[in-house]
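Bear in mind that the values in this text are calculations on the coordinates, not laboratory data. Computed from a predicted structure; not experimentally measured. No Cβ is skipped: glycine too gets one built from the backbone with ideal geometry, and neighbour counts run over all protein chains shown.
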Amino acid sequence: MQQNNTVHNAPPLVQNGAPATLTDLLASVGIAINGDRPWDIRVFDNDTYRRVFSHWSLGLGESYMDGLWECDRLDIMFTKLLAADIDSSVFGLAKLRLIAQHLRHKIFNLQSAKRAFQVGEQHYDAGNDVFESMLDSRMIYSCGYWEHANNLEQAQFEKLKMICEKLELSPGETLLDIGCGWGGLARFAAERYGVKVTGVTVSKEQLELARKRCDGLPVELILQDYRDLQGQFDKIVSVGMFEHVGPKNYDTYFNTAHRLLKPSGIFLLHTIGIARTGAGADPWIDRYIFPNGKLPSARQIAKSVEPWFVVEDWHNFGNDYDRTLMAWWERFKEAWPTLQDRYNHRFYLMWKYYLLCCAGFFRSRQGQLWQVVLTRHERNDTYRSVRPSLAR
């Protein structure tokens with residue numbers, strides 16, 4: 001990306017330019033246009049309204065990235081919008097585009113094997129320096145566990161420890177990490193629990209750094225789609241990857257995990273979920289952050305798991321993702337002066353919008369975070385659920 005050192009001073013506010021329908025819609029959820037509260041929207045260009053009316057959330061996000069409007073507390077603004085289920089109020093051309101987006105996800109397999117590497121190339125390969133500055137020291141890019149934590153580092157440590165304990169890891173076992181990221185969990189499990197780890201990712205940038213971070217440990221990391229995996233493993237874990245699988249591939253995914261897991265093994269699935277089953281994905285997130293992503297509902301997971309596994313435990317700590325995202329935002333914001341020589345101001349606005357709208361998504365309770373422990377039907381051993389608070 002090109003360097004951009006321009007000073008971005010906000011242009012004058014646009015007065016009395018908002019269509020009444022939009023003003024009334026926002027007012028119904030406690031948001032004003034050009035108001036003075038932190039969650040109110042300040043509009044600098046009337047083109048904002050045209051974009052919202054024609055493209056809804058995509059238009060809102062793109063006009064923000066272009067500097068046409070601002071809000072001091074995007075996280076609060078999005079919490080209000082999402083808690084009120086604002087998408088149910090969409091109308092006109094924007095409604096037609098939203099329906100088309102939903103039909104696209106319903107008709108086409110957007111997460112096919114041919115498309116599997118797109119999200120790695122667009123998002124996870126965005127730049128290791130961005131993620132290193134934003135994440136904890138282990139570069140864990142998923143929800144932390146904050147029950148006993150006071151900071152991001154501790155929250156991610158608690159999450160990794162909980163995962164390993166739920167998996168009942170023992171020295172000498174084999175662990176498959178589907179979607180291994182920068183190798184944080186693989187290294188943690190190998191160092192602390194003595195297991196041999198195989199990890200797969202669809203990101204070349206992740207793979208290169210993960211191999212360096214796991215050097216000297218019994219960890220093998222490969223660039224591969226989960227559908228191509230072979231062998232059998234004592235335990236399987238997948239953290240923050242299922243969101244890229246897609247409903248048309250759920251059966252393939254769980255069939256593959258069943259094939260790869262030994263009959264006595266344990267599989268832990270850590271995934272973002274949505275409170276209600278929906279047909280599509282947010283168009284802005286789909287275009288700029290996670291192409292082809294699709295969040296599962298509890299109903300979809302339960303139905304897809306049933307032929308292959310027994311559900312031993314279902315743990316929800318979705319509220320912790322709000323706190324995780326706000327911690328990432330604070331770290332990214334603090335590190336921006338060291339990043340802005342390599343990334344332009346539009347990237348900064350995109351990343352800010354992404355982190356804070358996602359915080360609002362979880363704070364509104366539309367977003368959930370689940371850890372589901374699964375075993376094969378042949379397993380005879382009793383599984384005891386693990387919660388860190390019970391062990392203290």
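Tell me, what is the FRET efficiency for Glu220 and Asp66 to the nearest 0.05, using R0 = 41 angstrom and their Cβ-Cβ distance as r?
In this case the efficiency is close to 0.40.
Rounded to the nearest 0.05, what FRET efficiency do Glu306 and Glu191 give with R0 = 51 Å and r taken as the Cβ-Cβ distance? Could you check?
With R0 = 51 Å, the Cβ-Cβ based efficiency is 0.90.
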Inter-site label distance for Ser385 and Ala20 at 7 Å from Cα along Cβ, in nm: 5.3 nm
Please give the length that would be gained between Glu147 and Glu378 if that part of the chain were fully extended, namely 0.36 nm times their separation in residues minus their C-alpha to C-alpha distance (nm, one decimal). 79.7 nm
Please name which of Leu221, Leu176, Tyr353 has its Cα lying farthest along the dipole of segment 113-391 towards the positive end, using unit charges on Cβ (Lys, Arg +1; Asp, Glu -1) and the Cα centre as origin. Tyr353
Row for segment 113-391, column shape: gyration tensor on C-alpha, a ≥ b ≥ c, rounded if a/c < 1.5 i.e. under 1.5, prolate if a/b over b/c, else oblate; value rounded
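Apply the a/c threshold of 1.5 to the C-alpha gyration tensor of segment 288-392 and tell me whether it is rounded, prolate or oblate.
prolate
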Grab the other residues whose beta carbon is less than 11 angstrom from that of Asp47, score K and R as +1, D and E as -1, and report the net. -1
Measuring from label point to label point, each 7 Å out along Cα→Cβ, what is the Asn316 to Arg299 span in nm? 1.4 nm
Two-site FRET efficiency, Asn344 against Arg227, from Cβ-Cβ distance with R₀ of 41 Å, rounded to 0.05: 0.65
